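Structure record follows, encoded as structure tokens.
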Amino acid sequence: MALYALGDLHLSFQADKPMDAFGKVWKHHERKIEKYVNRIVRPEDTLVLTGDHSWGRKLSECREDLDFIERLPGRKILLRGNHDMFWDAKKTRRLNEEYDGRLFFLQNNFAAYQDYALVGTKGYTFEGPFYLDFQGRIFGWDEEREEQAKKLVAREMERLQESFHQAEEAGYRKFVMFLHYPPTNVLEGTSPFTRIAEEYGVEAVVYSHCHGEQRFGDSIRGTYRGIRYFLVSGDYLNFHPEQILA
Ligand SMILES: [Fe+2]
Ligand SMILES: [Fe+2]
């Protein structure tokens, strides 16, 4: 039994959105997902998919993408990404009822894995625009967007706290924390997300959203202040699920 994670499948079985435009790694990426997930994940394993599942704008445009995910081996747990327009956070319960026993939608709730609680939310990070001088040093940023970002971070923190709270109420003391957005942006060493991870002493923080060589190093990877951080964007892993726990 093992816990795996993979993010940003960006499926488009019902939408006209060829991903090849984003680089060679995305060519027939759905075939790679199928091949590598089937090779690595066993039926008794758990696979957390960390958001940006589908290009469909509403649920009816995502059915085939969700069916594809359902056919992958193991228990599948889905997190919201910024592109998952089909998933209104407030209607998560309805999704969970509809897909009961097939897919689990992680939002304002938690999932159990052995004696761990899997908690999570989409998260948010302020990604600029940052203004650079001729030497590439940052001398300013878009303050309006920064204000907006602070509100989004606060709302996402509330949702994450709710997830932790429910897990704690149910008696869990060990946690793995999932985000779609990276926990910090390129300028930050810490954030509300890293602080809550430390407060609860989580085993690992798992996130995706960062695409392309230039963005893979945007946030924390490896062990930092005693916590393991994993970037699991599909293109970063060439669509091989990453093992988080044995
Ligand atoms: Fe993405
Ligand atoms: Fe994303």
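Can you find a residue in region 135-152 that is aromatic (Phe, Trp, Tyr) and either out of contact with any strand residue (DSSP E or B) (no Cβ under 8 Å at 6 or more places or on another chain) or at pLDDT 95 or above (or both)? No, because not a single residue in region 135-152 is aromatic (Phe, Trp, Tyr) and either out of contact with any strand residue (DSSP E or B) (no Cβ under 8 Å at 6 or more places or on another chain) or at pLDDT 95 or above (or both).
One residue stands out in region 123-174 among those that are small (Gly, Ala, Ser) and in a helix (DSSP H, G or I): the one that is surrounded by the most Cβ atoms within 10 Å (Cβ to Cβ), namely 163. Residue 207 passes all but one of (1) without any contact (Cβ under 8 Å) to a residue 60 or more places away in the chain; (2) within 12 Å of ligand 1 (Cβ to nearest atom); (3) crowded, with 22+ Cβ neighbours inside 10 Å; which number fails? (1) is the only condition that residue 207 fails. With a requirement of 2 or more residues that are in contact with a Pro (Cβ under 6 Å, 6 or more places away or on another chain) and touching a residue at least 12 places away in the same chain (Cβ under 8 Å), the strands (runs of 3 or more DSSP E) lying completely within region 1-86 that satisfy it span 3-6.
The number of residues in region 70-113 being within 16 Å of ligand 1 (Cβ to nearest atom) and either over 15 Å from the mean Cα position of the chain (by Cα) or farther than 19 Å from residue 179 by Cβ (or both) comes to 1. Restricting 121, 184, 194 to those that are within 15 Å of ligand 2 (Cβ to nearest atom) and either β-branched (Val, Ile, Thr) or modelled with pLDDT under 95 (or both) reduces the list to 121. For region 210-244, filtering for residues that are assigned to a strand (DSSP E or B) and within 15 Å of ligand 1 (Cβ to nearest atom) leaves 2.
The values are calculated or read from the model by the stated rules, or taken from the named source; none is laboratory data. Just so we're clear, the structure is a prediction, and the values are computed from it rather than from any experiment. Cβ sites come from the backbone with ideal geometry, for glycine too, and all protein chains shown count toward neighbours.
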